[in-house]
Amino acid sequence: MKRILLIIGLVFTIIASGDAQTQNENVFSTVPEVNGKVVFQQFIHTHQGMSEAQVYSLLYKWGKDNYAGNPLLSGIRFNEKEKSITVSSKVELLLPENSTGDRLKKMMNYRFDASITSAGCVLIIRDVTYQDGEKNKTFFPKLSSAEEMITDSAINSNESDKELKENLRKSTLYFLNELYNDLKGVLSVSN
C-alpha cells in the first residue's frame with residue numbers, strides 16, 4: 001500500500017512539474033525588427049469562458065499590483081473603453097558573468113501595451129533603451145537603443161563590445177519572457 005501511494009505521489013509530482021515547465025515559456029528567443037525598430041509581439045490565449053470585461057479586470061488588477069507605486073514606473077495608462085493598458089517603466093538588468101568574471105548592470109527602459117480582444121491579449125513591447133546601471137556623474141546618462149545594442153547586426157558590428165551586447169540580449173530576453181509568463185499566468189486562469 002505504501003508503494004502504491006509513493007508511486008501515485010511521484011506521478012502527481014511529475015505531472016505538476018511538467019505543468020509548471022509548460023507555463024514558463026521562452027516565447028522571445030530572437031530580437032525581431034519591424035520597420036527598423038525592435039518590437040516584441042506575442043498573443044496570449046485567455047480562458048474562453050470569460051468575457052472581455054472579465055479578462056480586462058484581471059489585466060487591470062495585474063497592472064495595478066505590479067506597477068502602481070513602483071519607483072521605476074514612468075507612466076501607466078488604463079483605457080477601459082479599449083480594454084488596454086500602456087506601461088512605461090524601467091528595470092535593472094544584471095547581466096551574465098563576462099569573460100573577466102564581472103557581472104555588469106544596465107538599466108533597461110521599456111514600454112508595453114497589453115490589449116484585450118475577444119480571443120485573448122495582444123502584448124507588444126517596444127521603445128527599449130539602455131543606460132548604465134552604475135551611478136554616472138553626468139546629469140543626463142547616455143542612452144542606447146535596442147537597435148544599437150541587441151539586434152544581430154548590432155552584435156556583429158563591433159568585436160570589442162560583442163560580449164557585452166550578447167549578455168545584454170540574454171538578460172533582455174530573460175526579462176521579457178518573465179513578463180510574458182507572469183501576464184499569461186494571470187490571464188490564462190480558468191474558473
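Any read-out appearing in this document is the output of simple, stated calculations on the displayed coordinates, not a laboratory observation. In this text, all values refer to a predicted model and were calculated from it rather than measured experimentally. Here Cβ is always computed from backbone atoms with ideal geometry, including for glycine, and neighbour counts include all displayed protein chains.
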Can you put Ser188, Ser51 in order of Cβ neighbours within 10 angstrom, beginning with the fewest?
Ser51, Ser188
Protection proxy ranking, peptides 31-40, 141-150, 166-175, average beta carbon neighbours within 10 Å, highest first
166-175, 141-150, 31-40
Sequence gap at least 6, Cα distance under 8 Å: using those rules, report the relative contact order of segment 35-187 to the nearest whole percent.
25 percent
Mean projection area, nm², convex hull over Cα of segment 80-191
9.7 nm²
For Lys64, the aspartates and glutamates lying under 16 Å Cα to Cα, once residues fewer than eight places off in the same chain are dropped, come out as Glu80, Asp113, Asp182
